[in-house]
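The values are calculated or read from the model by the stated rules, or taken from the named source; none is laboratory data. Please read these numbers as outputs of a predicted model, since none were measured by experiment. Cβ placement follows ideal geometry from the backbone for every residue including glycine, while neighbour counts extend to all protein chains displayed. What goes into the accessible areas is simple: the full protein's heavy atoms, side chains included, and nothing from ligands, DNA or RNA. Shrake-Rupley method; radii C 1.70, N 1.55, O 1.52, S 1.80 Å.
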Amino acid sequence: MPLLRPFVRTAVLLCLLLLLLSFGNAQSNKHPWMNTSLSADERASMVVKEMTLDEKISLLHGTGMVGLSPMSPLAIHSNGGAGYTVGIPRLGIPAIQMSDAAYGVRMSGENGRYSTALPSCVAGAASWDLQGGFEYGALIGRELRAQGYNMSLGGGVNLTREPRNGRTFEYMGEDPVLAGKMVASVIRGEQAQHVLGDIKHYALNDQESGRNAVNVNIDQRAARESDLLAFEIGIQESDPAAVMCSYNRVNGTYACENKYLLTDVLKKDWNFHGFVVTDWGGAHSTEKASAAGMDQEQPGWIFYGDALKKAVESGKVPQPEVDDHVHRILRSMFATGVVDNPQEKSVVDVAGGLEVARKLEENSIVLLKNDGAQLPLDNSKVHSIAVIGPHADVGMISGGGSAQVDPPGGNAILPPGKGQTRWLEPVWFPTSPLKSVRSKAAGATVQFDSGADPSSAATLAKNSDVAIVFAYQWESEDMDLPSLSLPEHQDDLIAKVAAANPHTIVVLETGGPVTIPWAGQVSSILEAWYAGSAGSDAVANVLFGNVNPSGKLPLTFPRSDADLPHPQIVKPGADSKPDPSSTEPWKQIAAGLKAFQVHYDEGVKVGYKWYDAESKPVLFPFGFGLSYTTYSYSNLRVTAGKMPHVVFTVTNTGNRGGAEIAEVYASLPSSASEPPKRLVGWSKVHLKPGESKEVTVDVDPKYLSIYSTDQHGWQLIPGEYGFMVGGSSQDLPLKELVSLN
Ligand code: BGC
């Protein structure tokens with residue numbers, strides 16, 4: 001008998017294999033496009049041929065959202081996210097279940113689910129860590145699938161042209177190369193989990209005020225070299241399934257029916273293969289939008305339902321145009337694997353998510369000031385600590401709007417069970433700075449004061465060895481900040497605490513830059529951004545030296561609002577807003593609100609390029625961030641050629657291990673008429689104390705080029721290029737001039 005066993009095993013295995021093969025064959029016989037050896041395009045073309053016009057139209061729109069469009073009875077099959085497009089079971093095509101997922105999966109609370117909140121997207125960019133970006137996206141992808149979704153609506157990459165934009169926390173900073181590469185790494189991480197990825201809001205939706213009515217005026221070259229370049233890099237490096245067109249108009253035409261943006265640039269120049277989905281309620285026409293290249297309307301079907309069907313039947317919208325819209329959606333579904341690997345609901349890995357969130361935040365915190373090596377705190381010397389700041393006993397602030405992730409147990413500042421998240425209401429995540437500091441400060445007395453009464457906070461600070469103030473600035477979609485100042489008199493609170501105790505450390509929880517009038521009075525400043533589910537532990541690990549900070553600013557901290565390219569945000573007049581008495585404002589938005597004008601005359605001079613060109617001093621420059629160790633740079637060599645190589649050495653000259661973000665900038669020949677310098681590459685280098693490493697950064701020639709509107713393409717201007725290397729945009733000790741042609 002024992003002799004027979006191997007034969008039996010082999011026979012069973014063979015039978016199983018045959019069964020599997022015949023099942024596979026049956027599948028591909030029934031649906032030949034299920035053959036995974038075919039390309040996504042081939043598979044999509046085969047499906048399109050089988051579809052009726054009604055089936056095609058059904059893929060090109062959503063099924064409604066309360067307050068934004070009519071509701072379809074089919075919406076009951078939605079998974080509870082922001083968008084749902086029906087599947088075609090007859091052809092084996094699954095539904096698209098979409099969820100917002102900027103820094104975690106949205107709407108988990110109202111659906112009785114759990115999501116991890118990662119540090120905000122701008123925090124992710126502050127890590128300058130592409131592998132970290134991939135892990136960021138992969139976590140979102142896993143949690144989307146576990147919750148029953150197969151499409152992310154994250155991927156925000158609008159440049160921080162206007163830092164008071166209420167969505168600055170959702171984007172990736174002010175530099176197109178950094179932002180483009182970071183968003184690509186997040187989207188790659190998502191799509192690796194078989195989730196349709198999205199990049200948004202295309203394009204130039206750089207302020208929230210009057211977003212449905214604003215007309216952005218900008219010249220073509222400036223647009224291509226700034227905001228559009230971030231999208232170009234993001235798309236080329238991640239092949240996202242979708243691009244979300246924005247609410248605003250660009251040079252006179254709504255982005256979602258703008259042929260220049262959608263067809264000439266996106267689909268032709270950049271060779272984008274995926275589909276263009278509207279922002280929610282961003283569609284304004286049928287024929288014009290279809291001809292311009294808009295593929296899918298969300299969340300309803302005002303223009304791409306019956307109206308599109310009629311337009312096709314009457315020949316106003318050509319059949320091949322509709323087939324192309326459908327093809328793009330199907331192709332993306334095959335390419336990302338959502339057809340072959342349908343999502344299965346499961347329990348989210350909470351502990352694993354917290355670990356990822358903590359590590360990403362530790363990688364993103366930026367140390368802005370550290371006089372007298374106040375940090376890291378030394379437990380043997382610090383015996384009493386004052387933790388001060390609004391709600392620093394219970395939580396940390398998070399970013400709002402459609403990016404909002406719901407905190408477990410509800411908003412930390414509300415009683416348990418009363419913690420729903422509401423539009424335009426700040427949400428505090430239950431990650432307690434007070435508890436985290438206490439857990440690290442063995443043997444020290446740690447006391448709390450909310451700062452509501454600055455003199456009581458100052459008294460506590462005076463009686464403590466060290467004061468740590470947690471200061472916040474809240475941002476959300478659907479609003480812009482009134483100014484870059486901290487709200488709620490926090491500047492006054494910090495000044496009073498610092499006057500009482502020179503050992504004052506400020507931890508900023510902000511979505512972007514703030515003005516810091518007390519910068520000279522405190523010993524240390526940490527930028528923690530919106531720190532996510534495990535934020536307070538990550539901050540405490542940096543405060544006490546378990547982690548050496550390595551983040552660098554992805555955006556400039558200016559000295560004042562007056563130094564910005566636009567000291568005031570242009571606001572819409574009453575006639576550019578929906579009638580406040582209307583019960584269905586979406587109808588007025590769809591019909592088109594009266595435009596008001598914003599002129600981006602600063603053009604390509606976004607962020608540091610503006611301050612450099614205008615010789616305006618700043619508070620903390622782009623690319624800046626300190627460490628508990630120090631680094632030196634030496635031995636620069638630049639090899640000219642098609643892809644210039646920049647080689648240099650970085651040395652850790654201190655006595656702690658750390659990671660240095662080594663930045664490479666270039667100046668162009670003066671005939672190019674460009675700002676003094678631009679970021680062209682970087683490398684995050686991990687170094688032990690005393691260790692040196694040779695670093696090579698290959699520079700993509702596009703990053704050295706200008707966009708020529710005459711030649712409709714990128715052009716390298718022959719001449720002398722300066723390559724500058726160092727640890728911040730304003731600390732570049734190495735420089736070499738090289739002729740390129
Ligand atoms: C936002 C988008 C979001 C959509 C769906 C819109 O208000 O601008 O970013 O994806 O809503 O929630």
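Along the stretch 378-388 the Karplus relation, 6.51 cos²θ - 1.76 cosθ + 1.60 evaluated at θ = phi - 60°, assigns HN-Hα couplings of 9, 4, 7, 10, 9, 10, 9, 10, 9, 9, 10 Hz to successive residues, with x for each Gly and Pro.
With all projection directions averaged, the alpha carbon convex hull of the stretch 477-540 covers 5.1 nm².
Computed from point charges on the beta carbon alone (+1 for Lys and Arg, -1 for Asp and Glu), the dipole magnitude for the stretch 113-175 about its Cα centre is near 300 Debye.
Think of the chain as a dipole: +1 on every Lys or Arg Cβ, -1 on every Asp or Glu Cβ, centred on the Cα centre; then among Ile88, Gly372, Ile569, Ile88 lies furthest on the positive end.
Here is the tail figure for the chain: Cα pairs spaced more than 34 Å apart come to 49 percent of all pairs. Exceedance of the 27 Å cut-off in Cα-Cα distance is limited, within the set Lys369/Lys496; Lys435/Lys496; Lys200/Lys259; Lys268/Lys735; Lys268/Lys616; Lys49/Lys200, to Lys268/Lys735; Lys268/Lys616; Lys49/Lys200.
Each label point was placed 7 Å from the Cα along the Cα-to-Cβ direction; for Lys702 and Asp478 their separation is 3.6 nm. Here the stretch 662-741 yields Rg over Rh of 1.04, to two decimals, using C-alpha coordinates and the Kirkwood radius.
Compared with the direct C-alpha span, the chain from Ser632 to Asp579 gains 13.1 nm at full extension, assuming 0.36 nm per residue. Name the residues whose placed amide hydrogens come within less than 5 Å of the amide hydrogen of Phe557, ignoring near sequence neighbours (fewer than 5 apart) on the same chain. Amide H neighbours of Phe557, under 5 Å, 5+ apart: Leu619, Phe620, Phe622. When the P(r) is computed for the stretch 201-280, the part past 21 Å accounts for 19% of the Cα-Cα pairs.
DSSP bridge analysis restricted to the chain gives an antiparallel fraction near 60%, rounded to the nearest 5.
Here the Kirkwood formula puts the hydrodynamic radius of the stretch 271-339 at 12.4 Å, using every distinct Cα pair. Note that the stretch 298-311 has calculated 3J(HN,Hα) couplings of 9, x, x, 9, 5, 10, 10, x, 4, 4, 5, 4, 4, 5 Hz, one per residue in order, obtained from phi through the Karplus relation 6.51 cos²θ - 1.76 cosθ + 1.60 (θ = phi - 60°); glycine and proline are x. Subtracting the Cα-Cα distance of Ser439 and Glu321 from their residue separation scaled by 0.36 nm leaves 36.3 nm. For the peptides 590-600, 57-67, the ranking by mean Cβ contacts within 10 Å, running from highest to lowest, is 57-67, 590-600.
Rounded to the nearest 20 debye, the dipole size of the stretch 264-374 about its Cα centre is 140 debye, using +1 on the Cβ of Lys and Arg and -1 on the Cβ of Asp and Glu. The peptide list 499-506, 649-656, put in order of mean Cβ contacts within 10 Å with the highest first, becomes 499-506, 649-656. Once the Cβ-Cβ distance of Ala613 and Lys49 is raised to the sixth power relative to R0 = 41 Å, the FRET efficiency obtained is 0.15. If you sort Asp710, Asp340 by accessible surface, 1.4 Å probe, largest first, the order is Asp710, Asp340. Computed from the C-beta positions of Ser485 and Asp710 and an R0 of 35 Å, the FRET efficiency is 0.20 to the nearest 0.05. In the stretch 363-468, inverting the average of 1/r over every pair of distinct C-alpha atoms gives 15.5 Å as the Kirkwood radius. Qualifying GluC sites (Glu not before Pro) in the stretch 339-404, where qualification requires a DSSP coil assignment and no more than 14 other C-beta atoms within 10 Å, comprise Glu344.
When +1 charges are put on Lys and Arg Cβ atoms and -1 charges on Asp and Glu Cβ atoms, the dipole computed for the chain relative to its Cα centre reaches about 1300 debye. Taken along the Cα-to-beta-carbon direction at a fixed 7 Å, the label points for Gln521 and Glu42 span 7.0 nm.
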